[in-house]
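The values are calculated or read from the model by the stated rules, or taken from the named source; none is laboratory data. The structure displayed is predicted, hence computed values, not measured ones. Counting neighbours? That spans all protein chains shown, and the Cβs are built from the backbone with ideal geometry, glycine included. All accessible areas refer to the heavy atoms of the entire protein, side chains included, with ligands and DNA or RNA removed. Shrake-Rupley method; radii C 1.70, N 1.55, O 1.52, S 1.80 Å.
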Amino acid sequence: MRSIQTSYTFPLSSVKPLEGLLRYRMYCLEETRRTLSVSRRRRERSPVGGARLEPFDYVDGFEYLRCPETGNVFLAELADSKNWACLLSAASGYRHSPKAFHSEIIKERNENVYLPKLEWIQNTLRLQGLKKPLLMAVVTPPNEFSYVLERSDAFAEVLTVDEMKLVEEDRDKEKLDPRANQVNGGKKGAVEAAVLPESLDRVDDPLALLRGVRSYLKDDGLIFVTGLVCSGFDFTVLGRNNLYLYPPDRTNCFSLTGLTELLNQSGFVPLEISTPGVLDVEIVLAHLGHDPAIPLSSFERRLLAANPETRAAFQAFLQERGLSSFARIVARKQT
Amino acid sequence: MNCLIFGYGYMGKIRYEVLHKHRDVRSVKIIDPGIDPSTAGLDGVLLPANAEISWDQFDATFVCTPNNVTSDLCIEGLRHCGRVFCEKPPGRNWEEFCRIAEAAATVGDHTLVFGFNHRLHPSIQAMKALLGDGGLGEVLYVKGTYGKSGGVQYRENWRNDREMSGGGILLDQGIHMLDVFQFLVGPLEVVNAVLSDGFWGCGVEDNAFVLLRSESGVPVFLHSSATLWKHTFRLEVGCRDGYLVATGFLSQTGSYGREQLVIGKRQFEDEALALGNPREEIIHFDRDESWDKEVNEFIASIKERRPPAHGTLEDARRVMQIVRDIYALAEPLDKLGRN
């Protein structure tokens, strides 16, 4: 097992500025409300281990529940799969439009978010002895990162697959005829690596998504998972006040342990579990700037008031010890 | 497969544990005249020290003894069962290594592997994958420091008795780093070496400073020491497009610290921002599978009737040539005296 720490630094404003996020967040909340007015179902049990979920808190009127066993946090109410897929598609489309902050800072996001992710994938493939693999990008199109992957010459082919279609395909697999293997270009059992950039955070059934991905992977195939984890610093400190917690992007907010368990349950063996986030402290600082009355302990306020070197050292500690809110996992399909 | 282990010291115990859980190993027996036959957990495992060995009962032999009997047992194992896994060093000196090599040449269809597990450590494997086409480009230099503090029993340890060991810290620990160097940049030749026995005074080197060069001209430097009061493993590789620094080493005691690999990229293009302090990634490793990997490979090569992938006679030859040349080149310790 390995974990990765990084000295890459970049400001919050270059990847997900709070001001820009508020506009996008408002759109997501509105769209989720609209979707739930059409179709609504409630999760009482954890979609991973089946434990009965406990109350966590409300975020702008949306109820979140918590798994007492893993600490995972889940949005309580979802739409049916078809409507959920439409919601994710709408959010993705908005992210891609000139209205969202994403398109305003596309160059910075490319440099600080997508290229480091690509490099991580390439380095891992080298370490695992995989050259130019067939890669599956599991996203809701349109997705900027899948374009970065497609433009890279690191892969023999990049197969971009709609994450909700994989979920539905897994649910419906018993209904499908034998030609099911023809879906997605007949690549079942042929994909050497799959990347899930925050996909598990969004879909209505993360276990079904992983089962679906697994069915496309070769034996010993790899998956690359990124996501925000609720066991990390900014999430733990801010809780329900964390403005980065909103549906549908944060429908499932796993703890690092919960995410690892989810992968184990789905037939994957983790090779790398890292939290190389660089923004935890800055995110809390930005929230404090946005709302000075935000509840923080005296230690937290002291930390935020400390000099940049102290804050950087603390962020490095969070990375090294698996305590940042941004998680990266590499896992191998267990055969 | 039925295995026989000679020696149940530090390495013998490690090999026993690995073999004991290996799916292709049916039985493991141990011979060690220094072990009390009533030792817990060894019922039916420990053979009488003076018993004649029924070689036809064994498919493979593991030589985990002090260096003074390594070559004899290795040769005996080769002649009687043809499959030998021998701990480093492959003999006390070049002559003993040559005896092993000559014996191997007379045994057809043999398998002979030497225990150089360091190259199988995760940080070293990751290093190897990132060199050259792996992203960091051609290697410019290599620098390794490997050392320990000795400890209160250091002078009494057979490893520091020239008659039993054949050499000091270079032959005990430094040899691993020499193997790792050659794993990374290929065969090396010795340019210069300075040995000293400044603290322990055992008559074998407690510090070795060795300058080497690869066939393509890459300069390589080793500091092997028994006076590093803080246990240290540090390997730096400078490349055209970046650098790698492996530090710490997963070991049973954990005394070398957390094994990690720093990956840095050259950033001339952005020097105003980087100021000679480029962005780095640090990989932390928490699982050492090197012991399993080398035994797995030994057993797999026997089963599949193919040459082993590492720890080969050629790997051993290259490293023993370097050791031979260092001892020949460095000023004899008895002439230097103690500081």
For B:Phe233, are the conditions met, namely being closer than 29 Å to B:Arg155 by Cβ, within 21 Å of the chain's Cα centre (by Cα), among the aromatic types (Phe, Trp, Tyr) and open to solvent by 10 Å² or more (accessible area, probe 1.4 Å)? no
Limited to the stretch B:81-107, what total is found for residues that are at pLDDT below 95 and open to solvent by less than 10 Å² (accessible area, probe 1.4 Å)? 0
Would you please name the residue that is nearest to B:Ile299 (Cα to Cα), looking only at residues in the stretch B:15-46 that are of a type in the set (Lys, Arg) and assigned to a loop (DSSP other than H, G, I, E, B)? B:Arg23
Helices (runs of 4 or more DSSP H) wholly inside the stretch A:108-176 containing at least 1 residues that are open to solvent by 20 Å² or more (accessible area, probe 1.4 Å) and either within 14 Å of chain B (Cβ to nearest Cβ) or within 16 Å of A:Glu198 (Cβ to Cβ) (or both): A:115-127, A:144-151
Evaluate the following for B:His110: is it in contact with a helix residue (DSSP H, G or I) (Cβ under 7 Å, 6 or more places away or on another chain), under 30 Å from A:Leu125 (Cβ atoms), modelled with pLDDT of 95 or more and not aliphatic (A, V, I, L, M)? no
Determine, yes or no, whether A:Ala313 is open to solvent by 50 Å² or more (accessible area, probe 1.4 Å), assigned to a helix (DSSP H, G or I) and free of Cβ contacts under 8 Å to residues at least 12 places away in the same chain. yes
Please list, ordered by residue number, the strands (runs of 3 or more DSSP E) wholly in the stretch A:184-294 having 1 or more residues that are β-branched (Val, Ile, Thr) and without any contact (Cβ under 8 Å) to a residue 60 or more places away in the chain. A:191-197
Considering only residues of the stretch B:133-145 that are touching a residue at least 24 places away in the same chain (Cβ under 8 Å) and charged (D, E, K, R), which is surrounded by the fewest Cβ atoms within 10 Å (Cβ to Cβ)? B:Glu138
Please go through the stretch B:274-306 and pick out each residue that is among the small types (Gly, Ala, Ser) and within 14 Å of chain A (Cβ to nearest Cβ). B:Ala274, B:Gly276
What number of residues within the stretch B:172-195 are polar (S, T, N, Q), open to solvent by less than 40 Å² (accessible area, probe 1.4 Å) and touching a helix residue (DSSP H, G or I) at 6+ places or on another chain (Cβ under 8 Å)? 1
With respect to B:Ala129, is the statement that it is in contact with a His (Cβ under 9 Å, 6 or more places away or on another chain) and surrounded by fewer than 23 Cβ atoms within 10 Å (Cβ to Cβ) true? no
Picked from the stretch B:120-137 (must be among the small types (Gly, Ala, Ser) and part of a helix (DSSP H, G or I)), the residue farthest from the other protein chains (Cβ to nearest Cβ) is B:Ser123
In this structure, is B:Phe58 under 15 Å from the mean Cα position of the chain (by Cα) and open to solvent by less than 30 Å² (accessible area, probe 1.4 Å)? no
All-but-one check, B:Phe298 against (1) within 28 Å of B:Asp133 (Cβ to Cβ); (2) open to solvent by less than 30 Å² (accessible area, probe 1.4 Å), failing number (1)
In the set B:Glu205, B:Glu259, which member is crowded, with 19+ Cβ neighbours inside 10 Å, over 30 Å from A:Asn123 (Cα atoms) and touching a Leu at 6+ places or on another chain (Cβ under 6 Å)? B:Glu205
Would you check if B:Val323 is within 30 Å of B:Glu205 (Cα to Cα) and away from chain A (no Cβ under 14 Å)? yes
Out of the residues in the stretch A:34-44 that are more than 21 Å from the chain's Cα centre (by Cα) and within 20 Å of A:Asn72 (Cβ to Cβ), which is nearest to the other protein chains (Cβ to nearest Cβ)? A:Glu44
Residues located in the stretch A:67-107, provided they are assigned to a loop (DSSP other than H, G, I, E, B) and not aliphatic (A, V, I, L, M): A:Cys67, A:Pro68, A:Glu69, A:Thr70, A:Gly71, A:Asn72, A:Asp80, A:His96, A:Ser97, A:Pro98, A:Lys99
What number goes with the only condition from (1) open to solvent by less than 10 Å² (accessible area, probe 1.4 Å); (2) under 19 Å from B:Leu170 (Cβ atoms) that B:Leu211 does not pass? (1)
Could you tell me which residue of the stretch A:77-107 is surrounded by the most Cβ atoms within 10 Å (Cβ to Cβ), considering only residues that are polar (S, T, N, Q) and more than 19 Å from the chain's Cα centre (by Cα)? A:Asn83
Residue among B:Lys148, B:Lys128, B:Lys230 that alone is in contact (Cβ under 8 Å) with a residue 24 or more places away in the chain, charged (D, E, K, R) and out of contact with any helix residue (DSSP H, G or I) (no Cβ under 9 Å at 6 or more places or on another chain): B:Lys230
Going through the stretch B:113-125 one residue at a time, which ones are open to solvent by 10 Å² or more (accessible area, probe 1.4 Å) and either under 18 Å from B:Met1 (Cβ atoms) or free of Cβ contacts under 8 Å to residues at least 24 places away in the same chain (or both)? B:Gln125
Please determine whether any residue of the stretch B:158-171 is open to solvent by less than 40 Å² (accessible area, probe 1.4 Å), in contact with a Ser or Thr (Cβ under 6 Å, 6 or more places away or on another chain) and at pLDDT 95 or above. yes
When you scan the stretch B:271-283, do you find a residue that is out of contact with any strand residue (DSSP E or B) (no Cβ under 8 Å at 6 or more places or on another chain) and open to solvent by less than 30 Å² (accessible area, probe 1.4 Å), even just one? yes
Filter the stretch A:1-33 down to residues that are open to solvent by less than 50 Å² (accessible area, probe 1.4 Å) and within 14 Å of chain B (Cβ to nearest Cβ), then give me how many there are. 8
Quick check: anything in the stretch A:52-66 surrounded by fewer than 19 Cβ atoms within 10 Å (Cβ to Cβ), part of a helix (DSSP H, G or I) and of a type in the set (Lys, Arg)? no
